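Here's the structure we're looking at; comments come further down.
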Amino acid sequence: MEKCNVAICGCGTVGGGLLQLIRRNNGIPQNAGVGINITHVVDVRLDELEKDPLMEGIILTSDLNQPINDPEVDIIVELIGGIETAGEVIENALEAGKDVVTANKALLAERADELFQLARQHNVSIGFEASVGGGIPIIAAMRDSFVGETINSIFGIVNGTCNYILTQMTQEGISYEDGIAEAQEKGYAEADPTLDVEGHDSAHKLAILARMAFGINVKAKDIYCEGISDLAPIDIIYADSLGYRLKLLAIGAKKKDGIELQVHPALLDKSHPLSDVNGSVNAVCVHGEAVGEVTLTGLGAGAEPTASAVLSDICRIARKTYQKDFLQLPMFSNVQDIRLLPQGTATMKYYFRLSCLDTAGVLARVAGVLGKHNISIASCIQKGEAHQQHGHVPVVFMTHKVKEKNMLKALKEINELECIRGGESRMLRVTEI
């Protein structure tokens, strides 16, 4: 059986998981049809790695160029993370005529267009299944199974940290602060979780999905992004009573006037399968013109699920089946740069909670402002005196569909009323899938 020589650059959680998977299968993954031989591991922790029995027979080095310059190495696996060093490794590997596999969503969200072009110039490829959704084969589905589809929209729960925190807040009634502490304790959240909880990680993944789904080149920084750090358990409780669950969604949709991409907390109807995706599990829901709705779910993070996705790309490249797709399919070429639809143009239903002075006439004043901005109220919940704090009570409104810019203008005006404690107001979007 033919063997493919692979070098791993960066042997942390995912790199270690990849080695374990390959060793477990004696270098021949099930159904792969090819043998995988790890020749090099590049890392700065050489003293630590030398003691690891997994490293037996592998060249250990801290020199990133050593495997790139070795003519016997076929594939460079980049698992360093970050932008600059990882980008240089990939560039050098491609220019040396080597295929690359990476899990680096931040780098691809920033530089996919130029790196893909460079790969095609040198007749090699870049595999990146592990960049979105961990073990979910969403990139393969976009590349292969949906190749004949016109994709109209994608909705993704693509950050396991956020989904775990929101699940605990929903099921256990704990605060955001307690949820993140628990996620850190279990290893689901970094010591500095900003990239995850502020939605930036999801935006990186959405930029990649948008390229695959819509054939567009977009930077993550251009995607509207709102995280979960200011969510309160009270809104999850109210949403539940109204028939909704709260999830952080990455949303891409074709509209009449262009493409809409955004990441934000969203209320989902309990009847939709995405509302039941809990814990650190990820899911991506795709709407195709002919196929309708398809939802893929699975473990979105962790050593083995992500390593499995890396290994799947290695096997495709080793079998020489992936390179042809990479060189032929338009999403890997110089796709169009577009200007996304500006935030505020979306039309949807909204949930918003106000802290209102518990006196007569307040709701009439709020309704007056909403009417001024052509916002129709679908329902209103007021709990009453038992929930009063400093003379104010929480009041929750659900609207009919309205343009977001109208909703934001109305809320700004409402929050300026002397009978409203504006700092305690909260608006959430209702996403209909």
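Values in this text are rule-based calculations from the coordinates and carry no lab data. As the structure is a computational prediction, the values presented were derived from the model and not from experiment. Note that each Cβ is placed from the backbone with ideal geometry, even for glycine, and that neighbours are counted across all protein chains shown.
Observations on the model:
- Near V294, once Lys and Arg are set to +1 and Asp and Glu to -1 for all other residues with Cβ below 14 Å from its Cβ, the sum equals -4.
- By average C-beta atoms within 10 angstrom, highest first, the peptides 174-185, 150-161: 150-161, 174-185
- Once the Cβ-Cβ distance of K320 and R23 is raised to the sixth power relative to R0 = 25 Å, the FRET efficiency obtained is 0.55.
- Charge sum, other residues only, whose C-beta stays under 12 Å from E88's C-beta, Lys/Arg counted +1 and Asp/Glu -1: -3
- Straight-line cross-link partners of K3 among the aspartates and glutamates, defined as a Cα under 12 Å from its Cα and at least 8 positions apart when in the same chain: E72, D74.
- Shape call, segment 61-193: gyration tensor on alpha carbons, a/c limit 1.5: oblate
- Computed FRET value (nearest 0.05) for E432 with N31, which takes r as the C-beta separation and R₀ as 45 Å: 0.70
- Tail beyond 44 Å, pair distance distribution of the chain (Cα, percent): 19
- Among the lysines of segment 307-433, pairs at least eight places apart or on separate chains and with Cα atoms under 23 Å apart come to 15.
- Backbone N under 15 Å from the E424 label point (7 Å along Cα→Cβ), restricted to segment 227-250: 232-235
- Model label sites at D257 and N278, defined 7 Å from Cα along the beta-carbon direction, differ in position by 4.0 nm.
- Charge tally in the Cβ shell below 9 Å around H204, where Lys, Arg are +1 and Asp, Glu are -1, H204 excluded: 0
- For K205, the lysines whose Cα comes closer than 21 Å to its Cα, not counting residues fewer than 8 places off in the same chain, are K105, K219, K221, K247, K254, K255.
- Calculated [θ] (222 nm, deg cm²/dmol) that DSSP helices of n ≥ 4 give over the chain, each run adding -39,500 (n - 2.57): -10000 deg cm²/dmol
- Label zone at Q171, where the point sits 7 Å out along the Cα-to-Cβ direction: segment 263-290 residues whose backbone N lies under 11 Å: 277-281
- Simple spin-label estimate for N123 and E95 gives 2.0 nm between the two label positions (7 Å along the Cα-to-Cβ direction from each Cα).
- Taking the DSSP beta bridges with both ends in the chain, the antiparallel portion is around 65 percent.
- Placing R0 at 41 angstrom, the Cβ-Cβ distance between E190 and K401 gives a FRET efficiency of 0.60 after rounding to 0.05.
- Potential lengthening between E48 and N69 on full extension [0.36 nm per residue; Cα-Cα distance subtracted]: 5.1 nm
- Cross-link partners for K256 among the aspartates and glutamates, with Cα-Cα distance under 18 Å and sequence neighbours closer than 8 places in the same chain left out: E289, D337, E404, E432.
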